[in-house]
Amino acid sequence: MSDTTAIDLEDVWVQYRLRHAHHYNLKRTVSNFIARRRDEPEIITALRSVTLHVPAGARIGLSGPNGAGKSTLLSVMSGLLKPTHGSATVAGRVLALLGGPNEGLDPEQTGRENALAIGMRLGEKLSDMEPRMDDIQEFSGLGRRFDHPVYTYSSGMQVRLRFTAITSVRADVLVVDEGIGVADQEFNARAEERLAEFYGHSGTLVLASHSDDVLAMHCTTEMRLSNGVVEPA
Amino acid sequence: MWWTLSLQTLRSQYRRTYLGPWWITAQQVIFVLGLSLLFGTLMGQDLKSFIPYVTIGFISFSWMTNMIQTGSTSIIANGASIQTAPGPLSLPALRTFAAATIQFGHNAIVIVLVMILFQVHLSPAIIVAPLALVVIALNGLMLALWLGPVVARYRDVGQIINSLVSVLFFFTPIFWTTNDLSKNQLAWLAGWNPIAYLLDFLRQPLLGSWPTAAIWIGVTVITVANTLGGLVHFSHTRDRLAYWL
């Protein structure tokens, strides 16, 4: 991996062993045991021999139909999923905006407490996060609601809190699954400013989206996945 | 970091209640009182010594079983964050261990109060108690490290643990003593129960006596095996955890 490569994937395969309901059927398991049979689990191949060298500062847009392997690829790039075959190396710190809009938020805690917890889970110290709270409160546009419990938030407010808290942490690579452009127009404009700041520090972006407009706005290179394979450009 | 996060989680669990984590403490006081009075009277025990015995036993036992139950489900319970937020995979085990220990910290006040109230005679053996606390905490953490992945992979194991923990209460010397069973056929039960060793390692010094040689040997064997099991199994399975969720 060269100094200028941010993400290096070499012949990456991801395969799941899917066990259906009948694999957990006790009667069938016992009869299989007696008859010395085995129900083999179904093998699902999510990524097939993906090789990618993403240079630092690149802005990659991932597209493809549902089930193409986009989220799996992002999980591999974030270090959340180890490939079943091949190697994945990412240089520097990775931030991931994956899952649903309120993923990782505790509804009983306030926006402030959640923002602190998000930063700490990403490895920041409490003393590093506390001075950023004013900025997070202002940027997210939550105002005094920042100190209200998150269960009182609308889903848009939760998106704003999560995006702001995660991107308040300085990182080298940002991996996003459908997480940009989903709040109101005013916040989307502000989010773009923050992303521009991130690109300015040579940050690498990998963004998966079904929206051509979102991809065109943020990405310089488009990559299409189909059936777990990166299609040739 | 994980300590602060656990404290925050515990607070949020009890938000919108006045007593917060003290609710569990209150429940334990009621249970210990009921248990001590009933079994103390039934078995003709001297309540002055029996109540401290049951209090230390039950509160420590609850800490251990809390660590077993929450530790064994730590990977499943944190499945969403393991799949979506990069971070150390040991965090779920650390957090469940910390939450159980913080809760024990609240409940331990009852132990101190009962010891003062019933004028428990202290001896130099008390110096073993801090070591016993560290050893129990270490065992709880290590157990979560190996049991968390096992339960994530084999979901039936979680059900087995729940069943065992509830019956373990009766087979651990909490409201009876090992002497009560010494001439009975069931005496081997306490001998094969790891929790009984850890429990007595803490309880005996608090009640004024040094832990016996059998307790020292038992606790050493359990801790070494559990620590090796935790570290080896966790490092072997960590890369596959996300696939099991």
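The values are calculated or read from the model by the stated rules, or taken from the named source; none is laboratory data. Remember, predicted model here, so these are calculated numbers, not experimental data. Every residue, glycine among them, receives a Cβ derived from its backbone with ideal geometry; neighbour counts consider all protein chains shown. When the accessible area is computed, the model is the full protein with side chains, heavy atoms only, and any ligands, DNA or RNA have been set aside. Shrake-Rupley method; radii C 1.70, N 1.55, O 1.52, S 1.80 Å.
In whole Å, how far is the Cα centre of segment A:1-62 from that of segment A:68-94?
Here the two parts' Cα centres lie 12 Å apart.
Based on the Kirkwood radius over alpha-carbon pairs, what is the Stokes-Einstein translational diffusion coefficient of segment B:149-245 at 20 °C with 1.002 mPa s viscosity, in µm²/s?
It comes out at roughly 137 µm²/s.
Among B:Gly230, A:Ala88, A:Phe33, flag the residue with its Cα farthest along the positive direction of the charge dipole of the protein assembly as shown, charges on Cβ as +1 for Lys/Arg and -1 for Asp/Glu.
Of the options given, the answer is A:Phe33.
With +1 assigned to the C-beta of every Lys and Arg and -1 to the C-beta of every Asp and Glu, and no other charges, what is the dipole magnitude of segment A:111-233 about the Cα centre in debye, to the nearest 20?
Approximately 380 debye in magnitude.
Is the shape of segment B:101-208 best called rounded, prolate or oblate, per the rule: a/c under 1.5 gives rounded, else a/b larger than b/c gives prolate, else oblate, with a ≥ b ≥ c the square roots of the Cα gyration tensor eigenvalues?
oblate
Over segment A:91-195, what is the relative contact order in whole percent, taking alpha-carbon pairs under 8 Å and six or more residues apart?
So the answer I get is 43 percent.
Take chain B, connect every pair of alpha-carbon atoms lying under 10 Å apart with a spring to form a Gaussian network, then pick out the residue of B:Pro21, B:Pro130, B:Pro194 with the largest mean-square fluctuation.
Result: B:Pro130 has the largest fluctuation of those listed.
Go ahead and estimate [θ] at 222 nm for chain B from helices alone: -39,500 (n - 2.57) per DSSP H run with n ≥ 4, summed, over the residue count, rounded to 500.
-24500 deg cm²/dmol
Starting from the amide H of A:Ala96, placed 1.01 Å from N in the peptide plane, find each other amide H under 5 Å away whose residue is 5 or more places distant or on another chain.
Amide H neighbours of A:Ala96: A:Val175.
Accessible area lost on pairing A with B, both sides, 1.4 Å probe, Å² to nearest 100?
About 2100 Å² of accessible surface is lost on pairing.
Counting other Cβ atoms within 10 Å of each Cβ, which trypsin sites (Lys or Arg not before Pro) in segment A:49-141 have at most 15 and sit in a DSSP loop?
Loop-located and lightly packed - A:Arg93, A:Lys125.
Counting only protein heavy atoms, what percent of the accessible surface of the protein assembly as shown is carbon or sulfur at a 1.4 Å probe?
60 percent
Compute the semi-axes of the equivalent ellipsoid of segment B:11-114, taking the square root of 5 times each eigenvalue of the Cα gyration tensor, and list them largest first in whole Å.
Whole-Å semi-axes of the equivalent ellipsoid: 34, 15, 10.
What FRET efficiency do you get for A:Glu42 and A:Thr89 if R0 is 30 Å and r is their Cβ-Cβ distance, rounded to the nearest 0.05?
E(calc), rounded to 0.05, equals 0.50.
I'd like to know which of A:Leu47, A:His23, A:Val12 lies farthest towards the positive end of the charge dipole of segment A:1-62, counting +1 on Cβ of Lys and Arg and -1 on Cβ of Asp and Glu.
Towards the positive end, the residue furthest out is A:His23.
Can you give me the accessible area per residue for segment A:59-211, using a 1.4 Å probe, in Å²?
Accessible area per residue, segment A:59-211: 40 Å².
Could you grab the relative contact order for chain B? Cα pairs under 8 Å, six or more apart, rounded to a whole percent.
27 percent
Can you give the calculated 222 nm mean residue ellipticity of chain A, where each DSSP H run of n ≥ 4 adds -39,500 (n - 2.57) and the sum is split over every residue, rounded to the nearest 500 deg cm²/dmol?
Rounded to the nearest 500, the figure is -9500 deg cm²/dmol.
Checking buried surface per residue: for segment A:120-152, which residues lose a minimum of 10 Å² accessible area in the protein assembly relative to the chain alone (1.4 Å probe)?
Relative to the lone chain, where solvent access is computed with a 1.4 Å probe, segment A:120-152 loses at least 10 Å² at A:Met120, A:Arg121, A:Leu122, A:Leu126, A:Tyr151.
Once you have a ≥ b ≥ c as the square roots of the Cα gyration tensor eigenvalues for segment A:131-233, tell me rounded if a/c is under 1.5, and otherwise prolate or oblate according to whether a/b is larger than b/c.
Verdict is prolate for segment A:131-233.
Loop-only chymotrypsin sites (Phe, Trp or Tyr not before Pro) in segment B:1-63, please: DSSP not H, G, I, E or B, and at most 12 other Cβ atoms within 10 Å.
B:Tyr18
If you place +1 on the Cβ of every Lys and Arg, -1 on the Cβ of every Asp and Glu, and leave all else neutral, what size is the dipole of the protein assembly as shown about its Cα centre, to the nearest 20 Debye?
Dipole of the protein assembly as shown, to the nearest 20 debye: 1580 debye.
For segment A:112-162, which GluC sites (Glu not before Pro) are both in a DSSP coil and crowded by at most 16 other Cβ atoms within 10 Å?
Answer by residue number: there is no such site.
Rg and Dmax of segment A:1-119, using alpha carbons, in Å: what are they?
19.8, 59
Quick check: Cα centre of segment B:61-97 to Cα centre of segment B:118-186, how many Å?
19 Å
Evaluate 2.2 N^0.38 Å with N set to the residue count of the protein assembly as shown, then give the Cα radius of gyration divided by it.
Computed over Cα atoms of the protein assembly as shown, the ratio equals 1.17.
Picking from A:Ser127, A:Thr152, A:Leu174, whose Cα lies most toward the positive end of the charge dipole for segment A:116-194 (charges on Cβ: Lys, Arg +1; Asp, Glu -1)?
A:Thr152
Can you give me the pair-distance distribution of chain A, C-alpha pairs, 10 Å bins, whole percents?
Here the calculated profile for chain A is 7, 28, 29, 20, 10, 4, 1.
Zone of A:Asp128 (label point 7 Å along Cα→Cβ, backbone N under 14 Å): which residues in segment A:143-180?
So the set is A:166-173.
If you place +1 on the Cβ of every Lys and Arg, -1 on the Cβ of every Asp and Glu, and leave all else neutral, what size is the dipole of segment A:48-186 about its Cα centre, to the nearest 20 Debye?
540 debye
Want the number for B:Trp23 to B:Ile127: 0.36 nm per residue separation, take away the alpha-carbon distance, what's left?
Fully extending the segment from B:Trp23 to B:Ile127 adds 34.4 nm.
Using a 1.4 angstrom probe, figure out how much accessible area segment B:99-240 has per residue, in square angstrom, rounded to the nearest whole.
Heavy-atom accessible area per residue stands at 51 Å².
Could you work out the mean count of beta carbons from other protein chains within 10 Å of each residue's beta carbon in B:78-85?
6
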